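Remarks on the structure that follows.
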Amino acid sequence: MVFGGFLKRLQSRRQRRIAAVRRISDLLNAMEQDAARPLLSPDLIVVDGAGRRIEGIDDFLTADRNLRIAAGHAQVRIDDISVRDNEVFVSGTIDSESKEMSGQTFWRLTFDGEIVSEIHITRDPELMTVTRYHAMQLR
């Protein structure tokens, strides 16, 4: 019985994390960045495969909103989610009018308790990431 309760808590945490990732994606797709704020750490770190970083929730939410607008309201479609310990692995597709945005995307989200503290983005180097867009805007 002891293990049954432990497994139930693990499943519950797994389900909450999957639901949080889907909720974040849905809110960002709907251009409701501020509604996603409670699901993300104030000290959020977002990194792409080239090492470009965004540090802080405000910069991330602003960059995400601006990029989506610039890319014709780009939408993320989640294809698969896998959970391992404090990390959630997501594969998906970004649909956009922009050829620089459209294509596959992979994320590794790290949770600190119930909120996302880090997002690592892996995409084809030719495709745009929110971190690349943010760096371009800072120039």
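The values are calculated or read from the model by the stated rules, or taken from the named source; none is laboratory data. None of the values given here were measured: they were computed from a predicted structure. With ideal geometry, Cβ positions are generated from the backbone for all residues, glycine too; neighbour counts draw on all protein chains shown.
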Original post:
Just wondering, is there one or more residues in segment 118-131 that are among the aliphatic types (A, V, I, L, M), part of a loop (DSSP other than H, G, I, E, B) and touching a Gly at 6+ places or on another chain (Cβ under 8 Å)?
Top reply: yes
Original post:
Which numbered condition trips up Gln104, out of (1) exposed (fewer than 14 other Cβ atoms within 10 Å of the Cβ); (2) part of a helix (DSSP H, G or I); (3) within 14 Å of the chain's Cα centre (by Cα)?
Top reply: (2)
Subject >> Hits in segment 82-91 - residues which are over 17 Å from Leu40 (Cβ atoms) and either out of contact with any Ser or Thr (no Cβ under 6 Å at 6 or more places or on another chain) or buried (at least 19 other Cβ atoms within 10 Å of the Cβ) (or both) >> reply: Ser82, Val83, Arg84, Asp85, Ser91
Original post:
Within segment 93-139, how many residues turn out to be modelled with pLDDT of 95 or more and on the phi > 0 side of the Ramachandran plot?
Top reply: 1
**OP:** Name every residue in segment 81-109 that is without any contact (Cβ under 8 Å) to a residue 12 or more places away in the chain, farther than 22 Å from Ala50 by Cβ and of a type outside the set (Ser, Thr, Tyr), in order of residue number.
**Re:** Arg84, Asp85
Original post:
Any idea which residue in segment 77-110 is nearest to Ala135 (Cα to Cα), counting only those that are among the aliphatic types (A, V, I, L, M) and in contact with an Asp or Glu (Cβ under 8 Å, 6 or more places away or on another chain)?
Top reply: Leu109
Original post:
Is it the case that segment 41-50 has a residue that's under 15 Å from Tyr133 (Cβ atoms), at pLDDT 95 or above, among the β-branched types (Val, Ile, Thr) and touching a helix residue (DSSP H, G or I) at 6+ places or on another chain (Cβ under 8 Å)?
Top reply: yes
Original post:
Quick one: what pairs do we get from segment 43-66, first residue in a helix (DSSP H, G or I), second surrounded by fewer than 16 Cβ atoms within 10 Å (Cβ to Cβ), C-beta under 6 Å, 6+ apart or different chains?
Top reply: Ile57/Pro42
**OP:** Answer yes or no: is there a residue in segment 5-14 that is at pLDDT 95 or above, assigned to a helix (DSSP H, G or I) and within 17 Å of the chain's Cα centre (by Cα).
**Re:** no
